[in-house]
Amino acid sequence: MRAERMVSLVLLLRQRGQLTADAIARELEVSTRTVLRDIEALSSSGVPVYAERGRHGGFALLPGFRTELTGLNHDEALALLTAGTSRALGLGPALASAMRKVADALPERHRATASDAAQRFLVEPETDLLSRRPVTEDVPETTMIEVRRAVLAGHQLRILYAATGQSPRWRTVDPIGLVTVRDRIYLLATRAGEDRTYRLSRVLDAEELPEPAERPSQVDLERAWRERCAQFLSSDHMAVLVRVHPARREELLNAAVAVRAEETDAAGWSRLDVTFQDLRHAEWALWQLGLGAEALSPPSLREALRERATAFAGRYTAWPAG
């Protein structure tokens, strides 16, 4: 841990130039005393760190001290730098540290242009054009660490899982891999030899076990995910054909369990084949969209919406007495 922190310290000085001990401490999330000890250790090991005294002083590296990563072209560097906006799998701090190393190690001819180009891309901002915050699912760091360790080490995993409509209970699973979809993280695993998929936001606690997981040494995670999706869509859900205005499309997608197919009609509206948990869920979701969407099938959903609209209109046909 200390070695990684000292590497990060050197990279900060390479990229930012002169920094005070307080500024370095804030960046590395350690105490000022720890920074001073690390700088002393770096100097003792031959890294040319020097202190500038005075009001505007701080620590800096002697010019020319660097390492260089060769063979990395502009587009490859840009892909890595923009990837740093992702926070998936609880690796945000590690990813930020890696991006600093990549930026520092770029050949001189690419470093400035790639860093400037990366500033021109924003991936997954906090709000969209309609000022709606995306639905994010936070996973406690301790839980994420235990799950990630078990997946990488090939060990069994014990999780406290809160399935929909059920009380949380402990399960022991054999983890296969982790999949991220729209900021949601899923654990693909087997339990007693049966395929299982767990949403990590519903994992309340986790513990890596020493026993080896029963799983193949190699896995095609993309294929496994496709198979899980097909299995999920074939389970007991309600399939609904919906015609929706483009302005309300994202709201529908956020409410639906899954999307099977989509096409655009002559009027520019989207026709989507989506699934909901049940009739009640579908009725609620379509009602939220008002005249911005129309359920084309099944007839039971159209009838439920018609009855709700009739009751709603009846309530407002006259002013209340008194």
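The values are calculated or read from the model by the stated rules, or taken from the named source; none is laboratory data. Just so we're clear, the structure is a prediction, and the values are computed from it rather than from any experiment. Cβ sites come from the backbone with ideal geometry, for glycine too, and all protein chains shown count toward neighbours. Note: areas computed on protein heavy atoms with side chains; ligands, DNA, RNA excluded. Shrake-Rupley method; radii C 1.70, N 1.55, O 1.52, S 1.80 Å.
The residues of the range 198-260 expose, per residue, 63 Å² of accessible area to a 1.4 Å probe. Based on alpha-carbon centroids, what's the gap between the range 282-315 and the range 147-187 in Å, whole number please? One Cα centre to the other: 37 Å. Across the range 148-216, Cα pairs under 8 Å and at least six residues apart give a relative contact order of 38 percent.
Rounded to the nearest 0.05, what FRET efficiency do residue 50 and residue 170 have when you use their Cβ-Cβ distance and R0 = 51 Å? Efficiency, rounded to the nearest 0.05: 0.40.
Short-range pairs are left out: with C-alpha atoms under 8 Å and at least six residues apart, the relative contact order of the range 177-240 is 21 percent. The trypsin sites (Lys or Arg not before Pro) of the range 179-213 meeting both criteria, a DSSP state outside H, G, I, E and B (loop) and at most 15 other C-beta atoms within 10 angstrom of the site's C-beta, are 182.
For residue 221, neighbours were defined as the other residues whose beta-carbon sits under 11 Å from its Cβ, and their charges (Lys and Arg +1, Asp and Glu -1) total 0. Extent of the range 152-205 along its three principal axes (Cα atoms, max minus min coordinate, largest first): 29, 27, 19 Å. Computed over the alpha carbons of the range 187-322, Rg followed by Dmax gives 20.8, 76 Å. Past the 17 angstrom mark, what percentage of all C-alpha to C-alpha distances in the range 186-256 do you count? In whole percent, the long-distance tail amounts to 63.
Normalised by the number of residues in the range 155-309, the mean separation of alpha-carbon contacts (under 8 Å, six or more apart) gives a relative contact order of 18 percent.
The length gained on full extension between residue 227 and residue 263, counted as 0.36 nm times the residue separation minus their Cα-Cα distance, comes to 10.6 nm.
Full extension of the chain between residue 302 and residue 199 gives 33.9 nm of extra length, using 0.36 nm per residue less the Cα-Cα distance. Stokes-Einstein, applied to the Kirkwood radius of the range 143-249 over Cα pairs at a viscosity of 1.306 mPa s and 10 °C, places its translational diffusion at 105 µm² s⁻¹. Each listed q (0.13, 0.16, 0.17, 0.23 Å⁻¹) maps to a log10 I(q)/I(0) for the range 221-290 from the Debye sum over equal C-alpha point scatterers, namely -0.39, -0.58, -0.64, -1.00.
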